[in-house]
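The values are calculated or read from the model by the stated rules, or taken from the named source; none is laboratory data. Quick caveat: nothing in here was measured; it's all calculated off a predicted structure. So basically every Cβ, Gly included, is an ideal-geometry build from the backbone, and we count neighbours across all protein chains shown.
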Amino acid sequence: MEKVGIAHIYATMNNTVIHVTDLSGAHTFSIHTGGSQVKAGRLGSSPRAAMDAAKKVSEELRDKGITALHIKVRAAGGIKSKTLGAGAKPAIRTLERAGFRVLSIENVTPVPHDGCKRKGGRKGRRM
């Protein structure tokens, strides 16, 4: 019997957070960030930091007996950037190479439906 989890990967331009829960999302199996894997805070969003965080997560999941993952990838979204950070793809690749069966990969970045106004004023941000 396969034990399945959901890997929530939140990849922004400043950090990468990997949070693995059960199927209901109520119980957390493991959570690690790219920023906690490196000394300098500016390197938290780097692919290397995301790979190290995913390695730590995979070790913890192996101890708990999880064999398959649904992956949900998210950028900041909303009125902020809808572009995934640099750590998203390396984190997914590391989880696959660690031996987990990836059942699905889904982008769950929130999209605004004309709610809040983006900052920057009437003429936008001028450089």
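What number of residues within the range 49-83 satisfy the criterion of being farther than 26 Å from Cys116 by Cβ, outside any helix (DSSP H, G or I) and touching a strand residue (DSSP E or B) at 6+ places or on another chain (Cβ under 8 Å)? Looking only at that region, the number is 6. Filter the range 29-48 for residues that are surrounded by 18 or more Cβ atoms within 10 Å (Cβ to Cβ) and not in a strand (DSSP E or B) and give the result. Within the range 29-48, Gly34, Gly35, Gln37, Gly44, Ser45, Ser46, Pro47 qualify.
The single residue among Ala26, Ala50 that is touching a helix residue (DSSP H, G or I) at 6+ places or on another chain (Cβ under 7 Å) and without any contact (Cβ under 8 Å) to a residue 60 or more places away in the chain turns out to be Ala50. Applying the criterion of being in contact with a Lys or Arg (Cβ under 7 Å, 6 or more places away or on another chain) and within 16 Å of Thr109 (Cβ to Cβ) to the residues of the range 41-92, the residue that is modelled with the highest pLDDT is Ala75. Within the range 74-105, the set of residues being exposed (fewer than 14 other Cβ atoms within 10 Å of the Cβ) and more than 21 Å from Asn14 (Cα to Cα) comprises Arg97, Gly99, Arg101, Val102, Leu103, Ser104. Being part of a helix (DSSP H, G or I) and in contact with a Phe, Trp or Tyr (Cβ under 8 Å, 6 or more places away or on another chain) is a condition met by no residue of the range 10-26. Pairs are defined by a Cβ separation below 7 Å, a sequence spacing of at least 6 or placement on different chains, a first member in the range 93-113 that is free of Cβ contacts under 8 Å to residues at least 12 places away in the same chain, and a second member that is surrounded by fewer than 14 Cβ atoms within 10 Å (Cβ to Cβ); the pairs so defined are Glu96/Val102.
Kindly indicate whether Ala86 is within 30 Å of Arg118 (Cα to Cα) and either touching a Gly at 6+ places or on another chain (Cβ under 7 Å) or in contact (Cβ under 8 Å) with a residue 40 or more places away in the chain (or both). So Ala86 passes the test.
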